[in-house]
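Accompanying notes for the structure given below.
Any read-out appearing in this document is the output of simple, stated calculations on the displayed coordinates, not a laboratory observation. Keep in mind that this is a model prediction, so the values were computed, not measured. Backbone-built Cβ (ideal geometry, glycine too); neighbour counts: all protein chains shown.
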Amino acid sequence: MEAGLMHGMTAAVIRRHGGPEVLELCRIERPTPGYGEVRIRVAACALGGLDLFVCHGMPGVRIEFPHVCGGQVVGVVDAVGEGEASDASGADLAGRLVLVDPALPDDRMLGETASGGLAEYVVVPAANVIALAPDADPVTHSTIPVGYATAHRMLFTRARVQAGETVAVLGAAGGVGVACVQLAKLAGARVIACSSSAAKLERIAQLGADELIDTSSEDFGRRIWQLTEKRGADVVVDYLGRETLSASVRAAGRFGRVVVCGATTGFEAPMDLRYLWTRESMVIGSNGWERSDIERLVELVGGGSLQPVVHRVRPLSDVIEGFADLDQRRAFGTVVISVDASDGRSPSRASFV
């Protein structure tokens, strides 16, 4: 990667693992689409926990430096490689506003093991592109592919949430947590939202949560049991892991389902197995999303049934602060980076304080 390339682009890159401060805004080579690929002029790239994990480094996941993060991309197709210039549905892509499914072939992930969208342009397989309506909002739709799609699969494919059930969401102020609150409420469930931030709980209440638990001052497991008149929750969403899973299992009622998509506080989580067999409850894993989850969410957003929560929209030049919003847990909802392609006229390098 070299600065000042004639056919280059501006991108946020990392050359080593660390906190938000390792991000650099610089000029790199503009990618060219190969067979079956398209190039997208990026309009918006939403940030999520995965981007933060990539930045800090994840055990067992090796990336090549320099690296461009960012997997949740919306933009306009500006070039196509040889082969089919259409998405999986057969829609012609040239010049279309599109959303990218970040789960690439061969178990690669956009922004993780493949160069991502925190840049003016990104190249992806045409099969991973979903055409949007011309008037679709890039910022809103960029929030869908990871956080909301992960939440959708957790709740409906894995936990099979039904109207009238009680759903308790731990970490309800995070990107996946906020999505779970909104989607569970949209499905007609009673939602108990748990967070350690009293200020964020007030905002969660505005999303329709029926009960709130401040985990900084209350035992969430005991409180869920009280709120459900000792019946327990039908579904408990827990992506925190070691520090919470045991209490989550105790908070689930008869035939209850504890659904897990991650473990931010640690992977090894003890539990009292007696609660599983006496209540015939389950701990269910959920890994990412399927294309159908993204397509369903596009329908919900396009139809106005779902309005994803955006914490803040920042320009690409402010990407360090965007990562810091996540790293310092300032964000409520999704941080989105707005990217405007500048056909090579942007500064050759920017420095950050």
Indicate the gyration tensor shape class of region 120-164 (rounded, prolate or oblate), computed on the Cα atoms with a ≥ b ≥ c the square roots of the eigenvalues: a/c under 1.5 is rounded; otherwise a/b larger than b/c is prolate and the rest oblate.
prolate
Could you tell me how many degrees, from 0 to 90 and to the nearest 10, lie between the Cα long axis of helix 291-302 and the main elongation axis, the longest principal axis, of the Cα atoms of the chain?
90 degrees
Using alpha carbons only, how many degrees (0 to 90, rounded to 10) separate the axis of helix 175-186 from the longest principal axis of the chain?
60 degrees
What whole number of Å gives the distance from the Cα centroid of region 104-159 to the Cα centroid of region 209-231?
34 Å
Applying the Karplus parametrisation 6.51 cos²θ - 1.76 cosθ + 1.60 with θ = phi - 60° to the phi angles of region 47-63, what ³J(HN,Hα) value in whole Hz is obtained for each residue in order, glycine and proline being reported as x?
9, x, x, 4, 4, 5, 5, 4, 4, 6, x, 10, x, x, 10, 10, 10
Short version: ³J(HN,Hα) in whole Hz for each residue of region 329-338, in order, from phi by Karplus 6.51 cos²θ - 1.76 cosθ + 1.60 (θ = phi - 60°), x for Gly and Pro, what are they?
6, 7, 7, 10, x, 9, 8, 10, 9, 8
ALA252 long-range amide H proximity, modeled H, under 5 Å:
ALA233
For CYS55, CYS261, CYS194, what ranking results if the residue with the fewest other Cβ atoms within 10 Å of its Cβ goes first?
CYS261, CYS55, CYS194
Stick to Cα atoms and the Kirkwood definition of Rh, then tell me Rg/Rh for region 148-285.
0.92
Is the C-alpha gyration tensor of region 9-162 telling us rounded, prolate or oblate? Criteria: a/c under 1.5 is rounded; beyond that, a/b larger than b/c is prolate, otherwise oblate.
oblate
Per the Debye formula with a single identical scatterer at each Cα and no solvent contribution, what log10 I(q)/I(0) holds for the chain at q = 0.13 Å⁻¹?
-0.97
